[in-house]
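S.K.: Can you read through this structure? Questions will come right after.
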Amino acid sequence: MTIPTPEELQRAIENGDAAIAGLLQQQRVPIVSDSRATFLYHGQADSVALQHWVYGLPSRLELQRVGKSRWWMLNMDLPRRSRIEYKLVVRRNGHEEWLLDPLNDRIAHDPFGGNSVVHMTGYDEPEWSLPQTGGHRGTFETWTMPSRSLQSDREIRVYLPPRYRPNRRHRLLLLHDGDDYVRYSRLAAVLDNLITRWEVPPLVVGLLNPHDRLIEYGADRRHAAFIVEELLPELEQRYPIIREPSGRCLGGASFGGVASLATAWYYPNTFDMLLLQSGSFAFTDIGRHTRGPVFDPVVKFMNRFRDSIGKPAKQFYLSCGVYESLIYENRSLVPLLQSAGFQVKFEEARDGHNWENWRDRLRNGLMWLFPVPAWFYYE
Amino acid sequence: MASHAATVLGPLHPVSYNEAMTKFCERNPKFHQPLVLLGQQRDVPRLQSVLERCNISGPVGLVSAGWEEDEDDDQWVRDAVDVPVINSQLYGLADQLFQQDPQVIELLRERQDRLRELREINELQTEHLCTVARELWRRLASHAGALVPLQQTFEQLRTVDDSYLEAITTIIVEYDQRIAPKERPSVLEYRHKVLERLQDCQALLIAGGHVGVLLNRLNLCRLFQHIQLPIIAWSGGAMALGERVYFYDQFLPHTKREVELSRRGMCLFSGAQLFPRASQRLQLHDSLELGILSRRMKSPCLLLDEHSEMAWSENGQLHAANVRYINELGETKEWTP
């Protein structure tokens, strides 16, 4: 299949609807060729812009109208292996509307709805994240427990893996925003696949869901107390899990990363492993931060943590998208942790602050934190 | 660049590819029963259609020792076939044997330690030679002088593999003599229990899993010396039945590991090297990596995936479907016997 150049697209548009429809018939839009992408929009508008979340570029890039047609086009450089989420901002009669790209059926869902997605050359959706027909599947159990620390009832969902054995001790992964991981990062399919292939051991996974996320996950001691003093004993009573730090991993993304690090720091020698994805690890070396009041407790905690690292865990897996504003904070954490003698694995991706970026890093993270001799297994 | 090297290097093996494969088809199986080798089965099992083609309508035995503690987790196999499945308990019964006769497991652990030392040394050698081969392969595009050193490097790699296999085999034979499975009552009892379970079976299914564990149990039990049944093996199970077992995963994160020779297989067939789960574990679009792999091997490389099947009938005729091989240019091609 030949990929049309912007000039060919322009000519086809000028030659009428049939010509451009014919040209686009077998193309995926946006049209990607090596490290360039062409975004298209068709419709009545006063102006059209590309709204994206790539830190470092102007957040809106205008599409240009092609002649006097109803077609709008933007051709831009995007590095190979990138995965970019975006919306189209269409302005008509003084109103603006944020749209999913009508020509693109690739959509990434998130708690705010969803975004259109462009995959640049070299990016492939990982096959291990796709639900398989047949094969082994884990199961979910849901129950509620009262929390003294949080002064409310908490619903906990637990993933029991394929090859779960009541008479065997399993390792535990506790994930912040657990239901979002299931919904938007295909956590169940990822775990089913990795466990079935013996790439990670059969993990019991506790899925945590906040009531007031930005408060509870903002390095809040009550949340940490809930996890360590209330939830862990409850999980140990209900499930055959290893009752040692070496069998426990705490993880999360964004503010969930902060909640994980803070909990492990408040309660040292509880978790040997941390999975920290795009952690909102904002800090200041001098002066005030500019990320808004919701970050106040986070910055306070991170500054204290950077000052006195303690022993929150032994192994840290960190990942971050290079198109995130948090890349600086995440990169900064790596030498700090390494200099304190911890084992650190840090991975970057050409992606943003989103659930599919976090999904795509799960295999590497889990395989590093929970090594099994996958080399020997051919199932 | 890689294709240039492959072209200059010429044929893969001392005899032509076609000759090698013809021999492979003709002289197999060494085992005089139908033998069927399949790609992975768990997601889309085709075991029932294979049983039907082999005219097997009675109970079948299952060796799932490669699943270790999950040996009994065989419901998906039972669901996939219309005949009764009897699990051989090759793994679980060996555990009982180890409890009853701890000296056996002590000796096996001691053997494992010696094999590990040997493996570490072999890793050093192999890693070094593969690095050299890659570099020479790249240089061959602009420097014809790299050809002879590259050929020598492949020769060295094959020699290292041969010597390593010999050293491993020596250790295994030494411990075999110390364990004396033919006379040791606990092992004889183990074998008896396994064979008793399989006595009414019309065929044997061999699953994959941990190939090292599977080979250990098959060897300890001397299973193939005592039963003559049609065999249907898949993935790691199929791998274990060849002459040599190599471990590989070119996509494994965090570690860069060269393809590793593990040990001698059960030698139920010979003349080709099987690579199950090829699409998931080998860089099939990288002609340099495939070129190095295939030139290191002494036999043609056959790639198995989900729908792959190779079947020798009782009279030794081979039928194959959805099996690929690596050609001289480091490309994968459909293989027809």
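S.K.: Which strands (runs of 3 or more DSSP E) does segment B:265-337 wholly contain that include 2 or more residues that are closer than 25 Å to A:Phe376 by Cβ?
M.R.: Where strands (runs of 3 or more DSSP E) fall fully within segment B:265-337 and carry at least 2 residues being closer than 25 Å to A:Phe376 by Cβ, they are B:273-275, B:301-303, B:309-312, B:324-326.
S.K.: Looking at (1) of a type in the set (A, V, I, L, M); (2) surrounded by 16 or more Cβ atoms within 10 Å (Cβ to Cβ); (3) closer than 26 Å to B:Ala65 by Cβ; (4) in contact with a helix residue (DSSP H, G or I) (Cβ under 9 Å, 6 or more places away or on another chain), find the lone condition where B:Leu252 falls short.
M.R.: The number of the failed condition is (2).
S.K.: Taking only segment A:329-379 into account, find how many residues are within 13 Å of another protein chain (Cβ to nearest Cβ), more than 22 Å from A:Leu187 (Cα to Cα) and surrounded by 23 or more Cβ atoms within 10 Å (Cβ to Cβ).
M.R.: 2
S.K.: Can you name the residue in segment B:206-243 that is within 16 Å of the chain's Cα centre (by Cα) and away from every other protein chain (no Cβ under 14 Å) and, of all such residues, is surrounded by the fewest Cβ atoms within 10 Å (Cβ to Cβ)? Break it down stepwise before answering.
M.R.: Looking only at segment B:206-243, we keep the residues that are within 16 Å of the chain's Cα centre (by Cα), and these are B:206-219, B:224, B:231-243.
Cutting the leftovers down to away from every other protein chain (no Cβ under 14 Å) gives us B:218-219, B:224, B:231-232, B:243.
Numbers: B:Leu218: 21, B:Asn219: 16, B:Phe224: 18, B:Ile231: 27, B:Ile232: 29, B:Glu243: 19.
Within segment B:206-243, the match that is surrounded by the fewest Cβ atoms within 10 Å (Cβ to Cβ) is B:Asn219.
S.K.: Give segment A:156-196 a look and list any residue that's surrounded by fewer than 20 Cβ atoms within 10 Å (Cβ to Cβ) and modelled with pLDDT under 95, or say none.
M.R.: Passing the criteria: A:Pro162, A:Arg163, A:Tyr164, A:Arg165, A:Pro166, A:Asn167, A:Arg168, A:Arg169.
S.K.: Conditions: (1) modelled with pLDDT of 95 or more; (2) within 11 Å of chain A (Cβ to nearest Cβ). B:Val259 meets all but one. Number of the miss?
M.R.: It is condition (1) that B:Val259 fails.
S.K.: Just to be sure I understand the filter: pairs with C-beta atoms under 8 Å, separated by 6 or more residues or on different chains, first member in segment B:64-79 and under 18 Å from B:Arg197 (Cα atoms), second member among the basic types (Lys, Arg). Which pairs pass?
M.R.: B:Ala65/B:Arg217; B:Asp73/A:Arg163
S.K.: Does A:Val118 satisfy the criteria of being part of a loop (DSSP other than H, G, I, E, B) and either within 14 Å of another protein chain (Cβ to nearest Cβ) or within 19 Å of A:Gly321 (Cα to Cα) (or both)?
M.R.: On the way: part of a loop (DSSP other than H, G, I, E, B): no; either within 14 Å of another protein chain (Cβ to nearest Cβ) or within 19 Å of A:Gly321 (Cα to Cα) (or both): yes.
The answer is no for A:Val118.
S.K.: For residues that are within 28 Å of A:Leu214 (Cα to Cα) and either β-branched (Val, Ile, Thr) or within 12 Å of another protein chain (Cβ to nearest Cβ) (or both), tally how many sit in segment A:121-162.
M.R.: Residues that pass the stated criteria total 4.
S.K.: To continue, here is another question. On the basis of being within 14 Å of another protein chain (Cβ to nearest Cβ) and at negative phi, does A:Thr196 make the cut? Lay out the reasoning, then the answer.
M.R.: Numbers: within 14 Å of another protein chain (Cβ to nearest Cβ): yes; at negative phi: yes.
Yes.
S.K.: Here is a follow-up. Please indicate, with yes or no, whether at least one residue in segment A:359-372 is in a loop (DSSP other than H, G, I, E, B) and under 13 Å from A:Leu261 (Cβ atoms). Explain how you work it out, then say what you get.
M.R.: Filtering segment A:359-372 down to residues in a loop (DSSP other than H, G, I, E, B) leaves A:370-372.
With the extra rule that they be under 13 Å from A:Leu261 (Cβ atoms), the set shrinks to none.
No: segment A:359-372 contains no residue that is in a loop (DSSP other than H, G, I, E, B) and under 13 Å from A:Leu261 (Cβ atoms).
S.K.: Another question, then. Search segment A:239-261 for residues that are assigned to a helix (DSSP H, G or I) and pair each with any residue that is buried (at least 24 other Cβ atoms within 10 Å of the Cβ) and polar (S, T, N, Q) when their beta-carbon atoms are under 7 Å apart and the residues are at least 6 apart or on different chains.
M.R.: A:Phe255/A:Ser280; A:Gly257/A:Gln277; A:Gly257/A:Ser278; A:Gly257/A:Ser280; A:Val258/A:Ser280
S.K.: Checking B:Val50 against (1) more than 22 Å from B:Glu243 (Cα to Cα); (2) within 16 Å of the chain's Cα centre (by Cα); (3) among the β-branched types (Val, Ile, Thr): exactly one of these is not met. Which one?
M.R.: Going through the list (1) more than 22 Å from B:Glu243 (Cα to Cα); (2) within 16 Å of the chain's Cα centre (by Cα); (3) among the β-branched types (Val, Ile, Thr), B:Val50 breaks only (2).
S.K.: Could I ask something else about it? Going through segment A:82-117 one residue at a time, which ones are of a type in the set (A, V, I, L, M, F, W, C) and without any contact (Cβ under 8 Å) to a residue 12 or more places away in the chain? Please lay out each step first, then the result.
M.R.: We begin by selecting, within segment A:82-117, every residue of a type in the set (A, V, I, L, M, F, W, C); these are A:84, A:88-90, A:98-100, A:103, A:107-108, A:112, A:117.
Once the filter is applied, which keeps residues that are of a type in the set (A, V, I, L, M, F, W, C) and without any contact (Cβ under 8 Å) to a residue 12 or more places away in the chain, segment A:82-117 yields A:Ile107, A:Phe112.
S.K.: Given the condition assigned to a loop (DSSP other than H, G, I, E, B) and more than 21 Å from A:Asn364 (Cα to Cα), answer yes or no: does some residue in segment B:243-259 qualify? Give the derivation first.
M.R.: Let us first name the residues in segment B:243-259 that are assigned to a loop (DSSP other than H, G, I, E, B), namely B:243, B:248-259.
In the following step, the residues that additionally are more than 21 Å from A:Asn364 (Cα to Cα) were identified as B:243.
So far as segment B:243-259 goes, yes, one or more of its residues are assigned to a loop (DSSP other than H, G, I, E, B) and more than 21 Å from A:Asn364 (Cα to Cα).
S.K.: Would you confirm whether any residue within segment B:92-100 is more than 19 Å from B:Pro185 (Cα to Cα) and within 14 Å of chain A (Cβ to nearest Cβ)? So that I can check it myself, show each step before the final result.
M.R.: We begin by selecting, within segment B:92-100, every residue more than 19 Å from B:Pro185 (Cα to Cα); these are none.
No, segment B:92-100 contains no residue that is more than 19 Å from B:Pro185 (Cα to Cα) and within 14 Å of chain A (Cβ to nearest Cβ).
S.K.: Could you please let me know if A:Ile84 is surrounded by 15 or more Cβ atoms within 10 Å (Cβ to Cβ) and closer than 28 Å to A:Ser185 by Cα?
M.R.: Details: surrounded by 15 or more Cβ atoms within 10 Å (Cβ to Cβ): yes; closer than 28 Å to A:Ser185 by Cα: yes.
The answer is yes for A:Ile84.
S.K.: Which residues, taken from segment A:87-107, are surrounded by fewer than 18 Cβ atoms within 10 Å (Cβ to Cβ) and assigned to a strand (DSSP E or B)?
M.R.: Scanning segment A:87-107 gives A:Arg91, A:Arg92, A:His95, A:Glu96, A:Glu97, A:Trp98, A:Leu99, A:Ile107.
S.K.: Something else now. Answer yes if at least one residue in segment B:305-321 is of a type outside the set (Lys, Arg) and within 26 Å of B:Ala5 (Cβ to Cβ), and no otherwise. Walk me through how you get there before you give the answer.
M.R.: Filtering segment B:305-321 down to residues of a type outside the set (Lys, Arg) leaves B:305-321.
From the residues that got through so far, the ones that are within 26 Å of B:Ala5 (Cβ to Cβ) too are none.
Checked against the condition, which is being of a type outside the set (Lys, Arg) and within 26 Å of B:Ala5 (Cβ to Cβ), segment B:305-321 yields no hits at all.
Residues checked against (1) under 24 Å from the mean Cα position of the chain (by Cα); (2) among the hydroxyl-bearing types (Ser, Thr, Tyr):
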residue: B:Arg158; (1), (2): yes, no
residue: B:Ser163; (1), (2): yes, yes
residue: B:Tyr175; (1), (2): yes, yes
residue: B:Val187; (1), (2): no, no
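S.K.: Moving on. Quick one: which residue in A:Phe305, A:Phe281 is among the aromatic types (Phe, Trp, Tyr), in a loop (DSSP other than H, G, I, E, B), free of Cβ contacts under 8 Å to residues at least 60 places away in the same chain and closer than 19 Å to A:His223 by Cα? First the steps, then the outcome.
M.R.: Values: A:Phe305 fails: in a loop (DSSP other than H, G, I, E, B).
From the options A:Phe305, A:Phe281, the qualifying one is A:Phe281.
S.K.: Follow-up question, since we're still on this one. Can you pull out every residue in segment B:52-70 that is at pLDDT 95 or above, closer than 20 Å to B:Gly236 by Cβ and out of contact with any Leu (no Cβ under 6 Å at 6 or more places or on another chain)?
M.R.: Hit for segment B:52-70 is B:Ser64, nothing else.
S.K.: A further question on this structure: Could you please let me know if A:Gly279 is in the same structural domain as A:Ile156 (by TED's automatic domain parsing) and under 29 Å from A:Glu356 (Cα atoms)?
M.R.: Here the answer is yes, as A:Gly279 does meet what is asked.
S.K.: Moving to a separate point now. Of the residues B:Leu268, B:Leu318, B:Leu303, B:Leu329, which is crowded, with 22+ Cβ neighbours inside 10 Å and away from chain A (no Cβ under 14 Å)?
M.R.: On the way: B:Leu318 fails: crowded, with 22+ Cβ neighbours inside 10 Å; B:Leu303 fails: away from chain A (no Cβ under 14 Å); B:Leu329 fails: crowded, with 22+ Cβ neighbours inside 10 Å.
The match here is B:Leu268.
S.K.: Could you please tell me which pairs satisfy a Cβ distance under 7 Å, a separation of 6+ or placement on different chains, a first residue in segment A:175-190 that is in contact (Cβ under 8 Å) with a residue 12 or more places away in the chain, and a second residue that is of a type in the set (Lys, Arg) and outside any helix (DSSP H, G or I)?
M.R.: A:Gly178/A:Arg157; A:Asp179/A:Arg157
S.K.: Residues to consider are B:Val148, B:Val104, B:Val132; find the one that is closer than 30 Å to B:Asp70 by Cα and in a helix (DSSP H, G or I).
M.R.: Numbers: B:Val148 fails: closer than 30 Å to B:Asp70 by Cα; B:Val132 fails: closer than 30 Å to B:Asp70 by Cα.
Matching residue, one of B:Val148, B:Val104, B:Val132: B:Val104.
S.K.: Going by the conditions given, is A:Leu232 of a type in the set (A, V, I, L, M, F, W, C) and under 24 Å from the mean Cα position of the chain (by Cα)?
M.R.: So A:Leu232 does not fit the description; no.
S.K.: Of the conditions (1) at pLDDT below 95; (2) part of a loop (DSSP other than H, G, I, E, B), B:Gln225 clears all except one; give me its number.
M.R.: Among (1) at pLDDT below 95; (2) part of a loop (DSSP other than H, G, I, E, B), the lone unmet condition for B:Gln225 is (2).
S.K.: Report, by residue number, each residue of segment B:135-145 that is surrounded by 13 or more Cβ atoms within 10 Å (Cβ to Cβ), of a type outside the set (Lys, Arg) and in a helix (DSSP H, G or I).
M.R.: As a first pass, look at segment B:135-145 and keep what is surrounded by 13 or more Cβ atoms within 10 Å (Cβ to Cβ): B:135-141.
With the extra rule that they be of a type outside the set (Lys, Arg), the set shrinks to B:135-137, B:140-141.
Answer for segment B:135-145, where residues must be surrounded by 13 or more Cβ atoms within 10 Å (Cβ to Cβ), of a type outside the set (Lys, Arg) and in a helix (DSSP H, G or I): B:Glu135, B:Leu136, B:Trp137.
S.K.: I would also like to ask the following. Just one of (1) acidic (Asp, Glu); (2) closer than 30 Å to B:Val132 by Cβ; (3) surrounded by fewer than 16 Cβ atoms within 10 Å (Cβ to Cβ) trips up B:Glu334, so point out which.
M.R.: Tallying (1) acidic (Asp, Glu); (2) closer than 30 Å to B:Val132 by Cβ; (3) surrounded by fewer than 16 Cβ atoms within 10 Å (Cβ to Cβ), B:Glu334 fails exactly one: (2).
The values are calculated or read from the model by the stated rules, or taken from the named source; none is laboratory data. Just so you know, these numbers come straight off a predicted model, no measurement behind them. Because the Cβ atoms are built from the backbone with ideal geometry, glycine has one as well, and the counts that use them run over all protein chains shown.
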